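Data block below; observations after.
The values are calculated or read from the model by the stated rules, or taken from the named source; none is laboratory data. Model, not experiment: these values are computed from the prediction. Quick reminder, even Gly has a Cβ in these numbers, built from the backbone with ideal geometry, and neighbours come from all protein chains shown. Side chains included, ligands, DNA and RNA excluded: accessible areas come from the protein's heavy atoms. Shrake-Rupley method; radii C 1.70, N 1.55, O 1.52, S 1.80 Å.
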Amino acid sequence: MSEPQGLASADARRRLTELGPNEPAPPQHVPFIRHALSLFSNPLVLILLLASGVSATLGEIINAAIIVVIVLLSVSLNFVQTYRSQQAVDRLRQTVAPTATALRDGQWREVARRDLVPDDVIRLTAGDLVPADATLLEARDLHVQEAALTGESLPVEKIARDPRAAPAQDDQQHKVFLGTSVVSGVATAVVTATGPRTVFGDIAARLSRRPPETEFERGTRQFGLFITRIVFFMVLFVFVVSAALRHNPLESLLFAVALAVGLTPELLPVITTVTLARGAVHMARQKVIVKHLEAIQNFGSADILCSDKTGTLTSGDMVLDQYLDPLGRSSERVLLLAYLNSAHETGIENPLDEAILKARERNPLDVAVLRHDHPDAHAYRKIDEVPFDFDRRCVSIVVEANGERLLISKGAPESVLARCVTLEADGQSSPVDAAARQRCDALYQRLSAQGYRTLAVAHKTVPPQAAYGVEDEQGLTLAGFLTFADPPRADAAETLRAMRRDGVLVKILTGDNELVTRHVCAEVGLDASRIVLGSEVEQMTDPALAATAEQTAVFARVSPGQKTRIILALKSRGHVVGFLGDGINDAPSLHAADVGISVASGVDVAKDAADIILLERGLDVLHSGIIEGRKAFGNVMKYLLMGTSSNFGNMFSMAAASVFLPFLPMLPTQILLNNFLYDAAQISIPTDNVDPTFIQKPRRWRISLIRDFMLFIGPISSIYDFLTFGALLTIFRAREPLFHTGWFVESLATQTLVLFVIRTAGNPLRSRPSLPLVVTTLVMVAVGIALPYTPAAPYLGFVPLPAGFFVFLAAATGTYLVVVEMVKRRLLGRLFD
């Protein structure tokens, strides 16, 4: 342990070089290049870049360039949105204890927090943020707020350890920790740990580990593998068949590559990014910052939201609810005595005193009387104070008016009642006998069971003397009780009902006691018939906890580590879990959840671990975010279902046609142009409206549904392609250029217009698409029909189509849409079950 003179500057610099700066959780700014390159790690992006590289190698420079431009646009949008969100988060960052008062070279001086080293002697006063983990050398009336670290809402008393006593293994009362704050008193302490070696730093180290896979990551990975397998086998099949039929090998390979590009949903990255970015913009208008775009989709898929009750179910502001005499009747006298005590107290600032002082604004105390000849509370002046401590659990104030001195005690009911010899009600005093004590205890227990935090108030007249102490807190008269409540938010009950209706279960994970928790949950309609305590969680195996967590809505007296266990247990059962937290102790849980949510007033490490940051706390904001996530996911699914089914049908038709036709059914350039126009029609999908039925429950990635949609809808498209082949060859006697042109137009029209059918699970005539979607779809079809009549037609291998072909086209497209509508309803019914 350091001597009282502290460290020499040279010694401090040497230790700083050896141990590094006192930075437990520095901002994690990923280098520009590394962040940009990480955006290319998506499996679909890699497939597209590979296809582009092969196309360029084979001389298809324009087609290769088109794919690269699409990929770069998607990646750029993602990068810009992530960068802007990170900038907003950085602006919200609050520096933890930027400087500290340290004893260096025998003098007290201001030192940058990051320059503190073990064995530095530091000085702490009220209002300071503790700059490192330290052991107290001296302390006077020191109380520290450790809520951000431990979750305990009330300040904790700290005392210096007797140097002659043997150190205890877990001597928390003699230690202070980085990230906590001093609310009263003064102290000197010796630094024992800095940077990553602090308690704060240990949590930060756990956050550096890779978090469990989220729903979004799992879904995109599975879809990427699914498409990769389809592309590989399709390319291999087409190339082998074409080569066996003695087609030009180079042209056959180019045709196979074009099929691969056509089958790959290359717009998925940009559609996903734009759709999620629109959701982020909408959420920003509701004072929500989205740090990572994929968090929006995770949010929409969430079926469980875990949170503390304070600030979510409740307002987070303690209010004085009742002031009662010992018989349980309202008493202004109790309120006046409590006000005099709180107004003159100089010790710990706490929410209960603040609530008493605020109550004066609602209750004119000037009409309340302690004695009829002293009606004004301001007539009393403070004489002395017996400060609060955690042994007595009460605080006493001595005030004087007109020469009479009054000692007023306020504190825990059991502590105050033990010091009372009489009680008063209706202006009458009576002794505190066994029966009276039992009645008071029963009243206190009843109030606690109703969820109130309760204080007792007592008083007595004292003679003039120089000072007053603990020994004067005897022979008191019990005036009554004060009850405090953290009232439920006005919108909590309605929002909980809305979330249940929309398939999201709210589970409360709190460190508070079960009585208060049960009362608050009952007021907002949350089932608290069974509350699992932290002590029970500690005894459970992970499988047992997973089963219990599914069936239980409320957990009380749980530690930060137990919160994380509960979240991981729920995820192990297939749930998508969101977690709302704002303290250092919440950071591991934020890290483990599918979507971590913090608030702007939260500590840095919590905001760093979160995916979404709320500028205003409340369940209604969270509910809106969930709905935005579902809308975004709904539009992404439209693209996936339509793209994979239509693409697969066309690619299957091309592969089959290449077997019996003496020429390729469509030129490679025409395939890529068809695919480009088709994709351009879908670029406005992010603007589309989403059916109300889709957002009524959480939606998940279902590769089986995408596969079935592809295998059922795709062949329908192929059947109409074969009908087109037959019509072109038999009715219109088409040679190669006319065949290419006719199938190009039919293929584009059917697979593009089918979007109006697939975009909704209901009746397409009743579900209104967005105007941009209508415009882009019709314009791309019109462009495809017009191309054979433009000067570019010869370069693209097109020729004008006969008028009779358009009669066939209208009939084929109309019946195709009707057949797809019939099959689609049965398939999409599974998405809404």
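Just to verify a number: FRET efficiency for Ser415 and Ala490, C-beta to C-beta distance, R0 = 30 Å, to 0.05?
After rounding, the FRET efficiency stands at 0.30.
Under a plain spin-label model, where a point goes 7 Å from the Cα along Cα-to-Cβ, how far apart in nm are Tyr789 and Leu765?
With each label point 7 Å from Cα toward Cβ, the separation is 3.0 nm.
Sorted by packing (mean other beta-carbon atoms within 10 Å per residue), highest first, where do 435-448, 113-126, 754-767 land?
Order by mean packing, descending: 113-126, 754-767, 435-448.
Using only the heavy atoms of the protein chains and a 1.4 Å probe, how would Leu336, Leu615 rank by accessible area, largest first?
Greatest to least solvent exposure: Leu615, Leu336.
In sequence order, what are the phi-derived ³J(HN,Hα) couplings for segment 780-795 according to the Karplus relation 6.51 cos²θ - 1.76 cosθ + 1.60 with θ = phi - 60°, rounded to whole Hz, with x for glycine and proline?
Calculated HN-Hα couplings, in order: 5, 5, 4, 4, x, 5, 7, 3, x, 9, 9, x, 7, 3, x, 5 Hz.
Any idea what the relative contact order of segment 534-637 is, in percent, if you count C-alpha pairs under 8 Å spaced at least 6 apart?
Relative contact order for segment 534-637 comes out at 17 percent.
Which cross-chain or sequence-distant (5 or more) residues have an amide H under 5 Å from the amide H of Cys420, H modelled 1.01 Å from N in plane?
Correct list: Leu476.
What residues qualify as long-range amide H neighbours of Thr314, i.e. H under 5 Å apart, gap of 5 or more or another chain, H built at 1.01 Å from N?
Here Arg489 satisfy the definition.
Counting Lys and Arg as +1 and Asp and Glu as -1, each charge on the Cβ, what is the dipole of segment 274-319 about the Cα centre in debye, to the nearest 20?
On the way: 5 positive and 4 negative charges, 49 e Å.
The dipole magnitude comes to about 240 debye.
Suppose each label sits 7 Å from its Cα in the direction of the beta carbon; what would the Asp202-Gln445 distance come out to in nanometres?
Using points 7 Å along Cα→Cβ, the separation is 3.9 nm.
Pull out a ≥ b ≥ c, the square roots of the eigenvalues of the alpha-carbon gyration tensor of segment 714-803, then state rounded if a/c is under 1.5, prolate if not and a/b is larger than b/c, and oblate in the remaining case.
oblate
Run the dipole for segment 403-531 about the Cα centre, Lys and Arg Cβ at +1, Asp and Glu Cβ at -1, nothing else charged, and hand back the magnitude in debye, nearest 20.
380 debye
Past the 25 Å Cα-Cα mark, which pairs from Lys287/Lys309; Lys175/Lys291; Lys287/Lys563; Lys358/Lys382; Lys158/Lys358?
From the list (Lys287/Lys309; Lys175/Lys291; Lys287/Lys563; Lys358/Lys382; Lys158/Lys358), the Cα-Cα distance tops 25 Å for Lys175/Lys291; Lys287/Lys563; Lys158/Lys358.
Which of the peptides 408-415, 701-708, 323-330 is most tightly packed, and how do the rest follow, judged by the mean count of other Cβ atoms within 10 Å per residue?
Listed from highest to lowest mean packing, they are 408-415, 323-330, 701-708.
Set Lys and Arg Cβ to +1 and Asp and Glu Cβ to -1, take the dipole of segment 677-833 about its Cα centre, and tell me which of Tyr789, Ala727, Tyr816 lies farthest positive.
Farthest along the dipole direction, towards plus: Tyr816.
Classify segment 677-833 as rounded, prolate or oblate from the Cα gyration tensor: take a ≥ b ≥ c as the square roots of its eigenvalues, call it rounded if a/c is under 1.5, otherwise prolate when a/b beats b/c and oblate if not.
Note, shape of segment 677-833 comes out prolate.
Using 0.36 nm per residue of separation minus the Cα-Cα distance, give me the extension gain between Arg825 and Ala467 in nm, one decimal. Intermediate values should be presented prior to the final figure.
Numbers: separation 358, 0.36 × 358 = 128.88 nm, distance 8.53 nm.
Working it through step by step, the gained length comes to 120.3 nm.
Assign unit charges at the C-beta atoms only (+1 for Lys and Arg, -1 for Asp and Glu), then state the dipole size of segment 441-514 relative to its Cα centre in Debye, rounded to the nearest 20. Write out the running numbers ahead of the final one.
Details: 8 positive and 10 negative charges, 88 e Å.
Approximately 420 debye in magnitude.
Could you work out the relative contact order of segment 652-758, using alpha carbon pairs under 8 angstrom and six or more residues apart, expressed as a whole percent?
This gives 41 percent for segment 652-758.
Rounded to the nearest 10 Å², what accessible area does Ile159 have for a 1.4 Å probe in the complete protein model?
70 Å²
How would segment 383-530 be classified by its alpha-carbon gyration tensor: rounded, prolate or oblate, with rounded meaning a/c under 1.5 and the a/b versus b/c comparison settling the rest?
prolate
Which of Ile508, Ser535, Ala490 sits farthest toward the positive end of the charge dipole of segment 488-550, with +1 on the Cβ of Lys and Arg and -1 on the Cβ of Asp and Glu?
Farthest towards the positive pole: Ala490.
Starting from the 7 Å offset along Cα-to-Cβ, what nm value, one decimal, do you get for the label separation of Lys358 and Ala810?
Taking the two extended label points, one gets 7.1 nm.
Using a Förster distance of 35 angstrom, determine the FRET efficiency expected from the C-beta separation of Arg530 and Gln438, and round it to 0.05.
Numbers: r = 31 Å, r/R0 = 0.88.
It comes out at approximately 0.70.
Test of understanding: what is the full-extension gain from Phe732 to Ser572, defined as 0.36 nm times their sequence separation minus their Cα-Cα distance?
Result: 51.5 nm gained on full extension.
So for segment 449-531, averaging the separation of alpha carbon pairs under 8 Å that are six or more residues apart and normalising by length, what relative contact order in percent results?
38 percent
How big is the accessible area of Phe806 in square angstrom, nearest 10, if you roll a 1.4 angstrom probe over the protein chains?
In the full protein context, Phe806 sits at about 60 Å².
From the phi angles alone, apply the Karplus equation (6.51, -1.76, 1.60; θ = phi - 60°) to segment 332-340 and give each ³J(HN,Hα) in whole Hz, x where the residue is Gly or Pro.
Working through the residues one at a time gives 5, 4, 4, 5, 5, 4, 5, 5, 4 Hz.
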